[in-house]
Amino acid sequence: MIDKKISLGTVLTICTILGTFIYTQGIMTSKVESFEKDTNSHSIKINKNQEEIQDLEISVGKIETMIEERFNRLESLIMEM
């Protein structure tokens, strides 16, 4: 037969299991929130870096155009001589 009495050991075991479960859930929630904050800050940094890269690409294009124009002018000066 099954003894229907609840002993002190059983109560302590159940309380320990519940306490551990609640504590673990709290830690996991904290870690998830921390990861969300990190993800948001990294997303902002990535977007900023993409904008900076686009600005640099535009600047490089302008410089290449200037160099090509000067090279063409140099070629025309050499041809005239």
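Residues considered: E69, E57, E36. Largest GNM mean-square fluctuation over the chain, using C-alpha springs under 10 Å, is found at E69.
Result for the chain in a Gaussian network model with C-alpha springs under 10 Å: among E64, E52, E33, the largest mean-square fluctuation is at E64. Each helix, a run of at least 4 DSSP H residues, gives -39500 (n - 2.57); summed and divided by the residues of the chain, these come to -34500 deg cm²/dmol at 222 nm. Projecting the Cα atoms of T39, G9, I67 onto the charge dipole of the chain, computed from C-beta unit charges around the Cα centre, puts G9 farthest toward the positive end. Compared with the alpha-carbon gap, the fully stretched path from I44 to F21 is longer by 4.8 nm at 0.36 nm per residue.
In the elastic network of the chain, a GNM with C-alpha springs shorter than 10 Å, the most mobile of I58, I46, I14 is I14. In this simple spin-label approximation, L56 and K31 carry label points 7 Å from Cα along the Cα→Cβ vector, and these lie 3.5 nm apart.
Full extension from E69 to K4: what is 0.36 nm times the residue separation minus their Cα-Cα distance, to one decimal in nm? Full-extension gain reported as 13.8 nm. Quick one: helix 8-80 against the long Cα principal axis of the chain, what's the angle to the nearest 10°, folded into 0 to 90? Computed tilt is about 0 degrees.
Throughout, read-outs are computed from the coordinates displayed, never taken from laboratory work. Because the structure is a prediction, the values reported are computed rather than measured. Cβ sites come from the backbone with ideal geometry, for glycine too, and all protein chains shown count toward neighbours.
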